[in-house]
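The values are calculated or read from the model by the stated rules, or taken from the named source; none is laboratory data. Every value quoted in this text rests on a predicted model; they were computed, and no experiment measured them. Positions of Cβ are backbone-derived with ideal geometry, glycine not excepted, and every protein chain shown enters the neighbour counts. Calculation scope for accessible area: heavy atoms of the full protein, side chains included, ligands and nucleic acids excluded. Shrake-Rupley method; radii C 1.70, N 1.55, O 1.52, S 1.80 Å.
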Amino acid sequence: MSDIPEAVLRVRALSRTFHQADVAIHVLRQVDLEIAPGEIVALLGPSGSGKSTLLQAVGLLEGGFEGSIRIACEEAAKLDSAGRTRLRRDRLGFVYQFHHLLPDFTAVENVVLPQLIHGADTAPARERAEGLLSVLGLAQRLGHRPSQLSGGEQQRVAVARALANRPALVLADEPTGNLDEATADIVLAEFLRLVRQEGSAALVATHNERLAARMDRVVRLHEGRLD
Ligand SMILES: Nc1ncnc2c1ncn2[C@@H]1O[C@H](COP(=O)(O)OP(=O)(O)OP(=O)(O)O)[C@@H](O)[C@H]1O
Ligand SMILES: [Mg+2]
């Protein structure tokens, strides 16, 4: 595999083994992956093939891995827990299958908060949140709480939140897996358009080949290896 010098993500020989009773389950075996700035990559593979495990590793959410993960040229293994938190906060955005929005906050507040945590001032953070939500068709829903939004709308807010801090790389684990097929198509198309517009790269786990074909590249996990 050739080195992309400025890759936003460079994974080398990443392995993850779970030990259950006396059985070792090799979920990831020497996985290599590079993502260039702005590149959108679909991660396919059957259920249980390790897509979420790979995304959790790259998201620096879990230890227990062997190998190298470089995000924006920083080696995660060399960082302590505070350094990993900083790298995650400064470079990564996350979208999950379930939205994980804060239930007591409005749509716009859910997108403002991560920016304030990141050090932004309130007025520009609010302006950016409103801009992102408007692009996603939620201009009339800014003051709604998650429980007052449809599933598709909740997921759009989660997309806006993930992009709020202009991450170099968005990690998405079946971001529309919770929605009916028609809504999933629309929300995923909007997600891809916004990621492109923002210039972020993305790694998107999905079961949907048709949606994967809309991305720049498809990689597949099979028996712990990535082809
Ligand atoms: N904490 C854990 N302990 C033991 N085994 C685990 C653990 N987490 C995941 N596994 C195993 O690792 C394998 C990969 O799981 P993972 O959730 O990454 O798959 P996936 O590709 O995301 O599947 P799905 O498409 O169903 O979401 C599974 O066989 C699972 O049982
Ligand atoms: Mg999964």
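The table that follows gives values for the structure above.
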| quantity | calculated |
| --- | --- |
| Inter-probe distance in nm under a simple model that places probes 7 Å from Cα toward Cβ, at Asp90 and Arg166 | 1.4 nm |
| Distance between modelled label sites at Val218 and His118, nm, 7 Å Cα→Cβ extension | 3.2 nm |
| DSSP-assigned coil residues among GluC sites (Glu not before Pro) in segment 34-68, each with at most 13 further Cβ atoms within 10 Å | Glu62 |
| Relative contact order (percent, whole number), the chain, Cα cutoff 8 Å, 6+ residue spacing | 30 percent |
| Carbon + sulfur, % of accessible area of segment 27-126 - ligands and nucleic acids excluded, 1.4 Å | 52 percent |
| Rounded accessible area per residue of the chain, 1.4 Å, Å² | 48 Å² |
| Residues with amide H under 5 Å from that of Val170, placed H, sequence gap 5 or more | Gly93, Ala201, Ala202, Leu203 |
| Accessible heavy-atom area order of Arg88, Arg225, Arg166, highest first, probe of 1.4 Å | Arg166, Arg225, Arg88 |
| Förster radius 25 Å - calculated FRET efficiency between Gln20 and Asp80, Cβ distance, rounded to 0.05 | 0.30 |
| Simple label model, 7 Å out from Cα along Cβ direction - Ala36 to Gln197, nm | 2.4 nm |
| For the chain, convex hull volume per residue from C-alpha positions, Å³ | 132 Å³ |
